[in-house]
Amino acid sequence: MAIAKPKTPEPFSDQLVRFTFDDLPIRGQWVRLEAVLTEANAHHDYPQPIKTLLAEQLAAVALFADTLKMNGSVALQSRGGERLVRSLAECREQANLRAIAHLREQNEDQATDLDAGESDLKNWLAGGQLALTLIPELHGPQTYQGIIELLHPGLEANIEHYFQQSEQLPTRLFFAHNRATTTGLLLQRLPDDDLGHDIATQTWEDAWETIQVLIATLTLEELAELPPEQFLRRFFSEFPCRLYPTRSLRYQCTCTRAKTDNTLRTFAQEELNEIIAERGAIEVNCEFCGARYTYDPVDVAALEQDRTTGQNTVH
Ligand SMILES: [Zn+2]
């Protein structure tokens, strides 16, 4: 098997590897997240099923972002569920990830139910919607949004169905979790004319079928534990495969003091002054990263001054 060996140290955490099969219009991405997940959970006490869902959403957006020839952002977002009000993972510039989840307020008795380990996505998102959003350039005008129907219990099957139905892209997606990491694998059969190969369509179809048969023997333990090169060698040994240089991923928020200034300026100055009078300062906490922005009376007065001199530029 001809593998171009990437110069990447073990253990491949927070890294993404793209691979292609020689002469076949099939592409793949492999990702393993660890520190990104630690950061995503650092400021929240999510029940385990929500930690798992967010980990899968983060892995998914990292995988999708790598399939696109763009530097914008990819977001996978649920909204309006009865129990899970919102969950969002986004990947910017194919490397910078962040995530958040909002659960409906629960009393303590119900909280016990939430921790019971339910993994059925449809239960959590009952009444809600799951959407995939692509913004080709940050602040760019063109936004694409696809709605992912919730027909299956797990995120993988729903996404596979979405790509098949909406994009006509046969897709296989797997997530595997161990104690600290989530590993994701995405395989997509590209349109016949996409790579300019002159091999008969039937040959490609046969190869896609064979690859699916091979991947069906995969255990999630193997996906969670094996380094990417070893993983590909084990499962696809009969298909020459090329690995591309690894991409490092990180948890990175977009919040800034300037953006928080602008948010506060959307409130009436009297409201801000009332909070200052009551509490002495205004504290704004970023839910994504835990950053805390504090405004004392002088800061709030400066906001008012900027407001009157028109310095509230949008960031
Ligand atoms: Zn932040």
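What is the spin-label model distance, in nm, from residue 214 to residue 302 if the labels are put 7 Å beyond Cα along the C-beta direction?
Inter-label distance under the simple model: 5.9 nm.
Do me a favour and compute the ellipsoid semi-axes for the chain from its Cα gyration tensor, root of five times each eigenvalue, largest one first, whole Å. Intermediate results must be reported in sequence, preceding the final value.
Working: eigenvalues 337, 98, 68 Å².
Listed largest to smallest, the semi-axes of the chain are 41, 22, 18 Å.
So what is the relative contact order of the chain, in percent, for Cα pairs below 8 Å that sit 6 or more residues apart?
On the way: 555 pairs, mean separation 75.3, N = 315.
Worked out over the chain, it gives 24 percent.
Could you work out the pair-distance distribution P(r) of the stretch 219-266 from its alpha-carbon pairs, with 5 angstrom bin width and percents rounded to whole numbers?
Final binned percentages: 5, 14, 15, 12, 11, 6, 6, 6, 9, 9, 6, 2, 0.
Of 48, 168, 237, which is farthest on the positive side of the dipole of the chain, counting Cα position, with +1 on Lys and Arg Cβ, -1 on Asp and Glu Cβ, and the Cα centre as origin?
The residue sitting most towards the positive pole is 237.
Using only the Cα atoms of the stretch 257-309, build the gyration tensor, take square roots of its eigenvalues as a ≥ b ≥ c, and label the shape rounded, prolate or oblate: rounded if a/c is under 1.5, else prolate if a/b is larger than b/c, else oblate.
oblate
Read-outs: derived from the displayed coordinates by stated rules, not from any lab. Keep in mind that this is a model prediction, so the values were computed, not measured. Backbone-built Cβ (ideal geometry, glycine too); neighbour counts: all protein chains shown.
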